[in-house]
Every structure is written in C-alpha cells, then in structure tokens.
Amino acid sequence: MYPLATPPMGIMYLAGYLRQQIKDVEIKLINQKVKNDRPEDLIKTIYEFAPEIVGLSSSTVFAALIPEITSKIKEVLPGSWVILGGPHASSVRKQALVECNGLDIVVPGEGEVALKQVVESYPDKNTLANISGLIWKDKSGEIIENPGPLPIEQELDNLPFPAYDLINVEDYWKLQSMTPIPPRRYLSLVTSRGCPYQCMWCHSIFGKKIRFSSPERIIEEINWLKNKYGVTEFEFLDDNFNFNRKRVFQFSDLVKSKNLKLKFSFPNAIRGDLVNEEEAEALCSMGTYMCSFALETGSPRMQKFTCKNLDIPKFLDGIAMMVKRGVYANGFCMMGFPTETEEELQMTIDVANNSMLHTASFFTVIPFPGTPIFEWLKNNRPEKLNNFNYMNIDFAGAKINLTDLPDEVLFNYQRKANWVFFLNPNRIYRLLRVYPKPLQLIRYFPIYLYRATKNLVVR
Ligand code: B12
C-alpha cells in the first residue's frame with residue numbers, strides 16, 4: 001500500500017499569509033510525512049536554516065513525537081520561539097506546554113492571523129500577552145492563556161493562495177491521497193472552514209460557524225493551479241462543502257460555463273442527507289467522479305446520542321442519486337460508541353450493506369481529547385479513559401472499546417461488518433464497474449482482508 005499524505009494545506013496557508021503580511025519573511029517547510037527523516041536529521045536541517053521561529057503542526061496520532069523535537073530544537077537554537085499549532089494543539093491546548101519541554105507557544109485553532117501577530121512580537125515575549133486566545137509560557141515558565149478567541153480572517157476570499165512553491169507537488173502524486181484510488185496527479189482544495197454540526201467525536205479547529213470561499217475565488221485558485229502545474233483533478237477537503245446549496249449550484253455553473261473540463265473528488269466534504277436531485281446533478285455535471293458519505297452509525301438512537309443527527313433515509317437517497325450518475329461512493333462508519341448495543345452495531349452493518357456504497361471503512365471510535373465524546377466519557381465512564389493515553393498509544397493497533405460490551409463482541413461486529421459488506425457479489429460487481437482503475441483494486445484487497453480478520457482500523 002502507498003503511504004498516506006495530502007499536501008499540507010494548513011501550513012501552506014500559514015506561509016502564504018505570512019508572506020503577504022510581513023516583508024522579507026523567509027520560510028522553509030518540511031513535511032515529515034514525505035521526508036520521513038530521522039529526528040536527528042530533522043533537527044540538523046532546522047539548525048542549519050537557523051530560524052527565529054519554528055512552527056510545528058501535528059495531529060494527535062503523532063503527538064508522542066513532539067516533546068523530543070521541541071526540546072532538541074530549543075537545545076540547538078535557544079533563542080528561537082517554538083510554536084505548536086494544528087489539530088493536536090487545538091485538541092489539548094495548554095497541556096501541550098506541560099508535556100513539551102522547549103515549547104513556547106500553542107495556537108489552538110485557525111492560525112494565520114495569530115501566527116502573524118506572534119512573528120511581529122518576536123523577540124519581545126511580553127507582547128504575546130496582547131494576542132487574544134494565545135496560550136504561551138512567559139519568561140518565568142508560567143503558562144498563560146490569553147482571554148478571548150484567536151483572531152481570525154472572517155473572509156476566506158481575503159486569504160492568499162497556499163504557498164505551493166514550498167512543496168514539491170510531485171512528491172504527493174506518488175502517495176495515497178484521501179481519495180481511495182491509487183496515486184495520481186491532483187491537488188487539494190479547502191473552500192470552507194467551520195461546520196455547524198455538533199458531532200461528538202469531531203474537532204473544533206475552525207469553530208461552529210461555517211465560512212465559505214466564493215465560487216469565483218475557487219475558480220481563480222483552480223485556474224492558477226491548472227496553469228502552474230497542469231493539473232485538472234481536484235480533491236476537496238472541506239468538512240462540509242454542500243452546506244450552502246446555492247454555492248454548489250453557482251460553482252457548478254461556473255465550471256461548466258468556462259468549459260474547464262475538470263475532475264473532482266469529495267473524499268471528506270459532502271453531507272449525504274443534504275444531497276437532492278438538483279444538487280446531485282450539479283455536482284456530477286461539473287465532473288465529480290468520487291464522493292465519500294459519512295453514515296457513522298445506522299442506529300437512529302446513536303445518531304441522536306452522537307449529535308450527528310443524520311437523516312438516514314435521505315442519506316441513502318443522496319448516495320443513490322450520485323451513484324446513478326456514475327459516481328464511485330465510499331462510506332465512513334464508526335463502531336463502538338459509548339452505550340452502543342449489539343443491535344445498534346448490527347444496524348450499522350445492515351444500513352451500510354443495503355446502501356449503494358461501493359466501499360466503506362468501519363472505524364473504531366477513538367475519543368480524541370478536546371472533543372465532546374472525551375468530555376462525555378470523563379463525566380460518565382471515566383474508567384474508559386484509564387488506558388487511553390495519546391502519548392503512549394499505538395493508534396494503528398489500538399483496541400479501544402468505549403461500549404459496555406465485551407471487547408470480543410465489539411471487534412467481532414467490526415470484522416463482520418467488513419465481511420458482510422465486501423463479500424457481497426453485487427457490490428463487487430458494481431465496484432469493478434465504477435472504480436476508475438479496476439485492475440489496481442487488487443492493491444486494496446489485502447487491506448480489506450486485514451480489516452476483516454483483525455481490528456486495526458481507528459478513527
Ligand atoms: C486531509 C485530512 C487527512 C489526510 C491527510 C492529512 C495530511 N496533511 O497529510 C489523511 C487522509 C491522511 C488523514 C488521516 C487521518 N486523519 Co485527518 N483530516 C484531514 C482533514 C479532512 C483536512 C486537513 C486539512 O487540510 N485542513 C485544512 C487546513 C487549512 O487546516 P489545518 O491543517 O488544520 O491548519 C490550520 C490550523 O490547524 C492551524 N495550524 C495548523 N498547523 C499549524 C502550525 C502552526 C505553527 C500554527 C501557528 C497553526 C497551525 O492553522 C491552519 C490554517 O488556519 C481534517 C479535517 C479538517 N477540517 O481540517 C482531518 C483531521 C486532521 N484528521 C483527523 C484524524 C482523526 C485522522 C485519522 C486519525 C483518521 C483515521 N481514521 O485514521 C487519520 C490519521 C492517519 C495518520 N496516520 O496520519 C482529525 C485530527 C484530530 C486530532 N486531534 O488529531 C481531523 C481534525 C478530523 C476530525 N474530524 O477531527 N487526514
């Protein structure tokens with residue numbers, strides 16, 4: 001299987017913004033997911049560049065690697081400021097400063113404006129007190145959480161394009177992107193931030209108020225990327241691209257009226273129960289060939305409990321509307337919510353299996369810190385968090401069971417979900433017909449086999 005990584009959109013946005021706002025700023029971007037250097041080589045590269053500010057970005061999956069990196073950076077560059085941002089920083093907030101020697105600042109959320117203000121504050125640490133929402137360590141080592149929200153750019157159209165020149169885009173064309181088809185020439189787009197839904201397992205990096213780039217701005221970015229890299233395929237990474245249906249129509253109309261001849265995949269961005277016939281037509285007629293749909297749970301009680309509140313019949317209709325127009329439909333399901341029963345696990349298996357989805361993942365529920373599910377467990381099932389230490393957990397092999405069922409029962413349902421779903425001859429036939437590179441499917445068989453025999457998939 002190919003290693004999994006998409007272009008680091010967050011860091012490229014930050015770099016683009018710093019360049020726009022600050023004169024003579026020099027930036028280097030290292031993506032360890034691509035470079036995979038040993039920690040000592042990474043530190044050597046940072047030392048040789050000798051930056052005044054080192055920004056780190058990480059998800060919680062890689063949290064255990066951060067303390068060694070921050071303390072070594074401080075060792076070799078004692079005058080620098082070391083900042084952590086991204087999903088993990090947004091999840092654990094000031095705890096990161098407790099855990100990571102050498103770390104000076106945490107940016108818990110959307111980073112462009114806050115990072116610019118941090119850079120402008122350098123080297124006077126006292127001025128960090130003026131940046132609302134920032135979490136930092138003062139000279140005496142005290143951790144300070146500035147009151148108020150982080151400053152953010154309300155109008156996404158005002159953000160400059162991501163700084164693509166800091167990466168080698170071709171590196172990413174050899175890796176697995178979020179779209180479950182083999183590596184190809186594509187680039188990512190993030191055209192909205194925030195999501196108004198309250199799903200209990202989800203992060204809140206961008207808050208609950210959704211903001212959108214305009215359709216014209218998306219086209220401008222696409223044209224820029226098309227001219228620069230000759231790319232005609234784009235992958236949307238928004239949390240909720242279709243929350244504003246009018247924008248979907250406007251964007252689709254623009255793509256068609258300009259005769260752009262593009263291909264689009266939505267491996268993360270479409271809420272299935274919002275899709276109706278007109279929207280499906282708009283999405284497909286502009287070139288959408290792949291779409292993920294997140295069922296998460298087939299149980300109406302769990303839908304309520306988790307605050308996803310998906311309308312399951314409408315969701316199934318939405319998938320069918322896209323599939324009948326030739327789209328490859330991938331599904332996301334989660335198994336093992338607190339209080340989930342065997343009957344409810346079976347409902348997820350049944351709904352997924354009876355849907356028009358071509359492929360699906362059946363993840364084990366993982367309580368990331370900073371999410372409502374983590375708080376729920378703290379208050380209602382604290383014992384479930386006893387063995388969950390993100391600093392000391394093999395996320396890929398974690399056997400996490402938040403239900404009140406025995407482990408074996410939960411994991412058997414998860415294995416069963418994979419067997420039932422993938423060993424459905426009708427599904428295999430439909431998958432072979434719709435999959436863009438059917439021969440390449442062979443590469444994915446070991447993964448599905450592995451999932452069906454072991455419990456090693458996390459979310
Ligand atoms: C694309 C994506 C992936 C891709 C690739 C990620 C990559 N870069 O290689 C893939 C498919 C590999 C992936 C996998 C997983 N992902 Co993912 N993924 C995303 C997704 C949908 C988009 C990321 C993105 O580009 N966002 C847009 C940019 C603009 O935002 P950003 O990167 O967060 O950056 C902004 C801020 O965070 C901040 N910032 C970021 N870095 C820094 C650094 C500094 C110094 C500063 C100041 C600020 C700052 O400023 C940026 C600009 O505003 C997010 C959801 C989301 N909406 O973000 C989930 C998300 C990051 N993933 C998540 C998870 C849980 C996973 C998995 C564990 C899921 C699984 N089932 O296995 C795996 C991990 C696998 C692994 N081993 O890496 C969680 C992370 C939660 C956490 N606490 O870590 C998220 C937030 C989704 C969620 N619903 O909660 N993912």
Just the residues that are buried (at least 17 other Cβ atoms within 10 Å of the Cβ) and more than 20 Å from Ile218 (Cβ to Cβ), please, taken from the stretch 152-171.
Leu166, Ile167
From the list Gly318, Gly298, exactly one residue is assigned to a loop (DSSP other than H, G, I, E, B) and open to solvent by less than 20 Å² (accessible area, probe 1.4 Å). Which is it?
Gly298
Counting only residues that are in a loop (DSSP other than H, G, I, E, B) and more than 10 Å from the ligand (Cβ to nearest atom), which one in the stretch 341-374 is most open to solvent (accessible area, probe 1.4 Å)?
Met356
I'd like to check something: does the stretch 27-47 contain any residue that is part of a strand (DSSP E or B) and either touching a helix residue (DSSP H, G or I) at 6+ places or on another chain (Cβ under 8 Å) or within 29 Å of Pro183 (Cα to Cα) (or both)?
no
What do you reckon, is Val248 among the β-branched types (Val, Ile, Thr), surrounded by fewer than 21 Cβ atoms within 10 Å (Cβ to Cβ) and away from the ligand (no atom under 16 Å from the Cβ)?
no
Out of Lys23, Lys33, Lys44, which single residue is within 14 Å of the ligand (Cβ to nearest atom), at negative phi and surrounded by fewer than 19 Cβ atoms within 10 Å (Cβ to Cβ)?
Lys33
Filtered residues of the stretch 1-20 (kept if assigned to a helix (DSSP H, G or I) and either more than 9 Å from the ligand (Cβ to nearest atom) or open to solvent by less than 40 Å² (accessible area, probe 1.4 Å) (or both))
Met9, Met12, Tyr13, Ala15, Gly16, Tyr17, Leu18, Arg19, Gln20
With (1) among the β-branched types (Val, Ile, Thr); (2) open to solvent by less than 10 Å² (accessible area, probe 1.4 Å); (3) within 16 Å of the ligand (Cβ to nearest atom) as the list, and Ile205 as the residue in question, which single condition is left unmet?
(2)
Say whether the condition of being open to solvent by less than 30 Å² (accessible area, probe 1.4 Å), modelled with pLDDT of 95 or more and either over 27 Å from Asn36 (Cα atoms) or assigned to a loop (DSSP other than H, G, I, E, B) (or both) is met by at least one residue in the stretch 55-70.
yes
Name the pairs whose Cβ atoms lie under 6 Å apart, with the first residue in the stretch 174-188 and at pLDDT 95 or above and charged (D, E, K, R), the second crowded, with 16+ Cβ neighbours inside 10 Å and part of a loop (DSSP other than H, G, I, E, B), and 6 or more positions between them or separate chains?
Arg185/Val231
Of the residues that sit in the stretch 71-103 and are in a helix (DSSP H, G or I) and in contact with a Gly (Cβ under 8 Å, 6 or more places away or on another chain), which one is surrounded by the fewest Cβ atoms within 10 Å (Cβ to Cβ)?
Glu75
Only one of these conditions is not met by Leu134: (1) at pLDDT below 95; (2) in contact with an Asp or Glu (Cβ under 9 Å, 6 or more places away or on another chain); (3) hydrophobic (A, V, I, L, M, F, W, C). Which number is it?
(1)
What number goes with the only condition from (1) within 16 Å of the ligand (Cβ to nearest atom); (2) of a type outside the set (Phe, Trp, Tyr); (3) under 18 Å from Leu187 (Cβ atoms); (4) assigned to a helix (DSSP H, G or I) that Ser265 does not pass?
(4)
Within the stretch 172-195, track down each residue that is open to solvent by 10 Å² or more (accessible area, probe 1.4 Å), assigned to a loop (DSSP other than H, G, I, E, B) and within 9 Å of the ligand (Cβ to nearest atom).
Leu175, Met178, Val190, Cys195
For Gly109, only one of the following conditions fails: (1) in contact with a Ser or Thr (Cβ under 7 Å, 6 or more places away or on another chain); (2) free of Cβ contacts under 8 Å to residues at least 60 places away in the same chain; (3) closer than 22 Å to Asp138 by Cα; (4) not in a strand (DSSP E or B). What is its number?
(2)
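Table: residues versus (1) more than 10 Å from the ligand (Cβ to nearest atom); (2) modelled with pLDDT of 95 or more; (3) open to solvent by less than 50 Å² (accessible area, probe 1.4 Å).
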| position | (1), (2), (3) |
| --- | --- |
| Gly109 | no, yes, yes |
| Lys116 | no, yes, yes |
| Asp124 | yes, yes, no |
| Ala129 | yes, yes, no |
| Glu142 | yes, yes, no |
| Asn146 | yes, yes, yes |
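The values are calculated or read from the model by the stated rules, or taken from the named source; none is laboratory data. Because the structure is a prediction, the values reported are computed rather than measured. Cβ coordinates were reconstructed from backbone atoms using ideal geometry, including for glycine residues, and neighbour counts include every protein chain displayed. Calculation scope for accessible area: heavy atoms of the full protein, side chains included, ligands and nucleic acids excluded. Shrake-Rupley method; radii C 1.70, N 1.55, O 1.52, S 1.80 Å.
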